[in-house]
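Read the structure below first, then the notes.
The values are calculated or read from the model by the stated rules, or taken from the named source; none is laboratory data. Note that the structure is predicted; figures quoted are calculated from it, not measured. Cβ placement follows ideal geometry from the backbone for every residue including glycine, while neighbour counts extend to all protein chains displayed.
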There are 2 protein chains.
Amino acid sequence: MKKNISIVGSGLVGSLLSIYLAKRGHNVNLFERRPDMRKTSISAGKSINLALSDRGFRGLIGAGLADDIREIAIPMYGRQIHHSDGSESYQPYGKEGQAIYSVSRGGINMKLMDLAESMENIKIHFNHRCTDVDLKNTTSSFVDESTGAAIVDKADMVFGADGAFSPVRMSMMTKTDSFNYSQTYLEHAYKELVIPPAADGSFQMNKNALHIWPRKSFMLIALPNLDGSFTCTLFLELKGEVSFEKLKDDESITAFFKQHFPDAVALMPSLLTDFNTNPTSLLVTVRCYPWTYQDKVALIGDAAHAIVPFFGQGMNCGFEDCVVLDEMIAQFGEDWQSVLNAYQIARKPNGDAVAQLALNNFIEMRDKTGDPKFLLRKKIEARIAAENPSFLSMYAQVTFSPHITYDSAYKAGQKHDAYLEQLADIPNVFDLWNTPQVQALIQSLLLV
Amino acid sequence: MKKNISIVGSGLVGSLLSIYLAKRGHNVNLFERRPDMRKTSISAGKSINLALSDRGFRGLIGAGLADDIREIAIPMYGRQIHHSDGSESYQPYGKEGQAIYSVSRGGINMKLMDLAESMENIKIHFNHRCTDVDLKNTTSSFVDESTGAAIVDKADMVFGADGAFSPVRMSMMTKTDSFNYSQTYLEHAYKELVIPPAADGSFQMNKNALHIWPRKSFMLIALPNLDGSFTCTLFLELKGEVSFEKLKDDESITAFFKQHFPDAVALMPSLLTDFNTNPTSLLVTVRCYPWTYQDKVALIGDAAHAIVPFFGQGMNCGFEDCVVLDEMIAQFGEDWQSVLNAYQIARKPNGDAVAQLALNNFIEMRDKTGDPKFLLRKKIEARIAAENPSFLSMYAQVTFSPHITYDSAYKAGQKHDAYLEQLADIPNVFDLWNTPQVQALIQSLLLV
């Protein structure tokens with residue numbers, strides 16, 4: 001039976017979801033707060049580029065868009081670490097040929113919207129800011145931001161794909177009992193900066209890597225763009241000894257970058273303009289439950305599980321939500337109560353796991369990637385992987401193994417870490433590699 | 001300098017706060033959502049009686065009300081445990097003469113409001129439901145529930161003493177950046193029931209105890225009232241094998257009570273009416289931060305830290321908030337920015353600690369008070385306390401020692417537990433009491 005489904009938010013997840021639902025024959029209305037990004041140049045107020053990996057591609061494959069996106073994606077095969085002493089090192093992300101992909105948020109979003117609008121049973125309504133959802137009656141209220149008019153939409157179901165500050169979720173929070181909710185901010189915020197292409201249009205650093213300048217309590221990262229530039233992001237505490245509040249004028253900004261990122265700042269001619277113009281944005285983790293209301297309303301993507309960006313899994317997790325929801329529709333058909341319930345039961349532990357993985361990876365990126373002991377653990381893990389082709393590190397499980405859930409990957413990673421820690425504590429572990437002691441630990445790790 | 005201060009909520013904490021602020025010379029307006037409980041018989045929608053202990057009395061002493069309240073309070077010197085096999089046991093809460101006090105929520109609230117209204121610089125506005133606070137301009141919006149009129153109040157400062165679902169807090173959450181927030185519900189809910197007085201007006205059980213029927217995953221408790229009755233509260237999961245959803249009709253309710261609480265049900269003639277009439281209420285823990293906005297707005301009591309009722313510390317903690325705020329006013333005078341900041345820094349760790357203590361005590365009450373190993377630990381602790389008069393158990397620190405913070409008490413309790421566990425693991429520990437092994441553990445515990 002064809003349903004009239006409203007989706008609040010035509011960002012990455014809302015747009016992809018509309019395609020999945022339309023392919024199942026439903027009639028979909030997408031309501032987007034912003035104007036059409038294909039017609040107006042707007043900043044999404046969010047990161048400019050993102051890391052797409054296998055879980056995300058799986059979502060795109062279902063929509064028939066994977067090849068289109070691969071054409072506008074830049075593979076990053078590893079981390080290029082820029083150490084404090086000016087030296088660099090490189091850590092591959094996976095095996096030969098395995099990569100995560102730098103993509104433009106706007107680029108993917110526009111392709112998704114183009115495809116959605118090409119389908120006769122999807123319509124996108126721009127400039128529609130959601131103010132409220134009547135859960136029982138599945139009527140959503142909007143303000144048309146271009147005219148100020150109030151609009152009420154009546155549907156059979158409502159999906160909230162409306163991001164970290166989801167109005168749909170707020171309606172669930174304020175209108176239902178027993179809604180568990182948390183929003184937790186990091187002490188760190190971020191600001192985007194630019195390394196432009198060289199005069200000849202070429203990349204000024206290795207284009208096939210994610211660049212990291214780990215400085216323990218803060219870090220700079222850079223991802224490549226198709227035009228030869230890199231988008232850099234500074235993650236830094238808001239307050240304290242070394243913090244955004246201390247970077248108040250051009251002198252302090254310049255001094256900070258020259259001290260901590262001399263190689264990067266040499267490539268950033270517009271540093272001061274960018275720093276003073278671009279917003280300082282906060283980093284929040286949102287956890288909530290339930291994600292659904294009867295057979296009528298469901299949250300998806302950041303609205304259900306906003307996470308910090310440090311594992312590059314926000315979009316990937318949201319796309320995976322769509323895939324799993326579609327699987328539940330395949331399984332339960334028109335029994336939407338079962339579809340939505342199975343969806344939230346399947347996804348909630350994975351939302352929690354990826355949130356924790358993302359928080360942990362911040363510490364890994366800004367602190368541990370510059371730490372000799374961490375690098376030794378990574379070397380040990382790499383040798384185990386080389387000698388045991390079926391072994392999958394936690395990173396490989398999360399990034400390259402969509403058939404393994406985030407939750408399983410997280411738990412496996414915790415166990416791996418305990419063994420890797422013990423192995424790294426053995427002096428000259430590589431010399432002792434084939435001793436029974438070392439081999440016993442490796443065998444235990446492989447059995448996780 | 002005299003300030004015009006608005007307090008949202010004239011419940012227990014809001015009323016007490018108004019008295020503290022009025023004594024400092026400020027002009028206070030209290031806005032209460034409900035009608036005047038002294039004129040209209042209303043249910044607060046909350047527990048009928050509460051346990052008042054030393055922290056709460058400290059708050060009342062500052063308002064000059066401690067003696068008045070002591071007159072309408074019933075001391076409970078210990079826990080009377082009603083075991084599944086029909087036997088009973090008794091655990092004193094503290095030393096000879098130490099007690100927690102069963103008081104009527106409405107009774108205390110009315111005395112506080114009487115005192116507040118007797119002061120010329122306090123005015124209470126009833127039927128005023130807060131809809132919004134403009135934080136920057138300290139203007140609060142209300143709807144007069146009796147007329148439907150919209151009212152805007154302009155003040156120099158606004159305190160949110162408006163409970164677990166605080167509208168003032170919601171304004172802070174939706175209008176400020178970096179507001180950390182969580183609301184977490186238990187799987188358990190509660191329902192209040194009654195054991196009336198005997199025909200001659202006397203109490204049908206020991207009036208000087210808090211009665212507990214611990215049944216592992218659920219429990220019944222009873223606190224005495226001045227009229228000879230007990231208010232009983234059933235804490236039970238909402239869903240599952242044994243749960244509220246299974247108690248659907250008179251047969252299942254009666255069977256459940258006869259099976260699990262035969263001695264209590266014999267004293268509850270109106271069980272079925274009460275069960276079917278009284279609401280099933282949820283149990284939520286709310287944590288948030290910051291609790292203040294500049295020198296303009298602050299949260300206090302449940303609005304800042306709603307906790308579950310199992311340590312009987314909700315009111316006590318809220319009253320202590322008032323005492324600490326008053327101390328900060330004494331210290332920082334008219335520098336309200338410093339007053340509010342020092343208040344939140346001092347109180348936040350204690351709000352977090354009492355929240356955790358309350359959650360832990362639920363498990364202790366419903367499960368462990370019926371567990372022989374727990375009872376052994378309690379006996380060991382009691383003997384240590386008897387032999388070392390300066391020793392304070394975690395319970396004594398929380399309940400009888402207002403000079404020790406909740407946070408310190410919580411941390412001490414964690415350490416005590418580790419030693420008590422070791423002591424309880426020693427077979428015949430009481431026979432071996434004076435051996436070096438046992439004495440060494442006791443000495444370590446005393447040094448916590």
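Does at least one position in the stretch A:131-146 carry a residue that is within 21 Å of residue A:175 (Cα to Cα), among the aromatic types (Phe, Trp, Tyr) and in contact with a Phe, Trp or Tyr (Cβ under 9 Å, 6 or more places away or on another chain)?
yes
Would you confirm whether any residue within the stretch B:200-220 is of a type in the set (A, V, I, L, M, F, W, C) and within 14 Å of chain A (Cβ to nearest Cβ)?
Among the residues of the stretch B:200-220, not one is of a type in the set (A, V, I, L, M, F, W, C) and within 14 Å of chain A (Cβ to nearest Cβ), which makes the answer no.
Please go through the stretch B:149-175 and pick out each residue that is within 11 Å of chain A (Cβ to nearest Cβ), surrounded by 20 or more Cβ atoms within 10 Å (Cβ to Cβ) and touching a strand residue (DSSP E or B) at 6+ places or on another chain (Cβ under 8 Å).
Once the filter is applied, which keeps residues that are within 11 Å of chain A (Cβ to nearest Cβ), surrounded by 20 or more Cβ atoms within 10 Å (Cβ to Cβ) and touching a strand residue (DSSP E or B) at 6+ places or on another chain (Cβ under 8 Å), the stretch B:149-175 yields only B:167.
Restricting attention to the stretch B:176-193, which residues are more than 9 Å from every other protein chain (Cβ to nearest Cβ), in contact with a helix residue (DSSP H, G or I) (Cβ under 9 Å, 6 or more places away or on another chain) and not aliphatic (A, V, I, L, M)?
Once the filter is applied, which keeps residues that are more than 9 Å from every other protein chain (Cβ to nearest Cβ), in contact with a helix residue (DSSP H, G or I) (Cβ under 9 Å, 6 or more places away or on another chain) and not aliphatic (A, V, I, L, M), the stretch B:176-193 yields B:188, B:190, B:191, B:192.
All but one of (1) touching a Leu at 6+ places or on another chain (Cβ under 9 Å); (2) in a helix (DSSP H, G or I) hold for residue A:28; which doesn't?
(2)
Working only within the stretch B:362-375, note down all residues that are in contact with a Leu (Cβ under 9 Å, 6 or more places away or on another chain) and of a type outside the set (D, E, K, R).
Once the filter is applied, which keeps residues that are in contact with a Leu (Cβ under 9 Å, 6 or more places away or on another chain) and of a type outside the set (D, E, K, R), the stretch B:362-375 yields B:362, B:369.
From the residues in the stretch A:347-376 that are of a type in the set (Asp, Glu) and touching a residue at least 60 places away in the same chain (Cβ under 8 Å), which one is nearest to residue A:17 (Cα to Cα)?
A:352
Regarding residue A:36, is this residue outside the structural domain of residue A:405 (by TED's automatic domain parsing) and either in contact with a Cys (Cβ under 6 Å, 6 or more places away or on another chain) or in a helix (DSSP H, G or I) (or both)?
Taking the combined requirement at face value, the residue does not satisfy it.
Can you pull out every residue in the stretch B:216-243 that is out of contact with any Phe, Trp or Tyr (no Cβ under 8 Å at 6 or more places or on another chain), surrounded by 14 or more Cβ atoms within 10 Å (Cβ to Cβ) and farther than 23 Å from residue B:107 by Cβ?
Once the filter is applied, which keeps residues that are out of contact with any Phe, Trp or Tyr (no Cβ under 8 Å at 6 or more places or on another chain), surrounded by 14 or more Cβ atoms within 10 Å (Cβ to Cβ) and farther than 23 Å from residue B:107 by Cβ, the stretch B:216-243 yields B:217, B:243.
Assuming residue A:48 fulfils every condition listed in (1) closer than 28 Å to residue A:221 by Cα; (2) among the β-branched types (Val, Ile, Thr); (3) buried (at least 21 other Cβ atoms within 10 Å of the Cβ) apart from one, which condition is it?
With (1) closer than 28 Å to residue A:221 by Cα; (2) among the β-branched types (Val, Ile, Thr); (3) buried (at least 21 other Cβ atoms within 10 Å of the Cβ) applied to residue A:48, the lone miss is (3).
For the stretch A:244-323, which helices (runs of 4 or more DSSP H) that fit wholly inside it have 3 or more residues that are surrounded by fewer than 21 Cβ atoms within 10 Å (Cβ to Cβ)?
Helices (runs of 4 or more DSSP H) meeting the threshold: A:250-260, A:262-265, A:271-277.
Count, please, the residues in the stretch A:140-175 that happen to be within 20 Å of residue A:322 (Cα to Cα) and out of contact with any helix residue (DSSP H, G or I) (no Cβ under 8 Å at 6 or more places or on another chain).
Residues that pass the stated criteria total 4.
Kindly evaluate residue B:209 against the criterion of being of a type in the set (A, V, I, L, M) and crowded, with 20+ Cβ neighbours inside 10 Å.
yes
Of all residues in the stretch B:149-181, which are of a type in the set (Asp, Glu) and under 24 Å from the mean Cα position of the chain (by Cα)?
Passing the criteria: only B:162.
This table checks each residue for (1) within 14 Å of another protein chain (Cβ to nearest Cβ); (2) polar (S, T, N, Q); (3) out of contact with any Cys (no Cβ under 8 Å at 6 or more places or on another chain).
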site: B:241; (1), (2), (3): no, no, yes
site: B:245; (1), (2), (3): yes, no, yes
site: B:258; (1), (2), (3): no, no, yes
site: B:264; (1), (2), (3): no, no, no
site: B:269; (1), (2), (3): no, no, yes
site: B:285; (1), (2), (3): yes, yes, yes
site: B:294; (1), (2), (3): no, yes, yes
site: B:304; (1), (2), (3): no, no, no
site: B:324; (1), (2), (3): no, no, yes
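Restricted to the stretch B:249-274, and to residues that are among the β-branched types (Val, Ile, Thr) and under 15 Å from residue B:220 (Cα atoms), which residue is farthest from the chain's Cα centre (by Cα)?
B:254
List pairs: first in the stretch A:329-346 and within 18 Å of residue A:303 (Cβ to Cβ), second aromatic (Phe, Trp, Tyr), Cβ under 6 Å, 6+ apart or cross-chain?
A:339/A:332; A:344/A:291
I want to confirm something. Restricting to the stretch B:221-239 and keeping residues that are within 14 Å of another protein chain (Cβ to nearest Cβ) and in a loop (DSSP other than H, G, I, E, B), which single residue is farthest from the chain's Cα centre (by Cα)?
Looking at residues that are within 14 Å of another protein chain (Cβ to nearest Cβ) and in a loop (DSSP other than H, G, I, E, B), I get B:239.
Among residues belonging to the stretch B:86-131 that are among the hydroxyl-bearing types (Ser, Thr, Tyr) and in contact (Cβ under 8 Å) with a residue 12 or more places away in the chain, point out the one that is farthest from residue B:208 (Cα to Cα).
B:131
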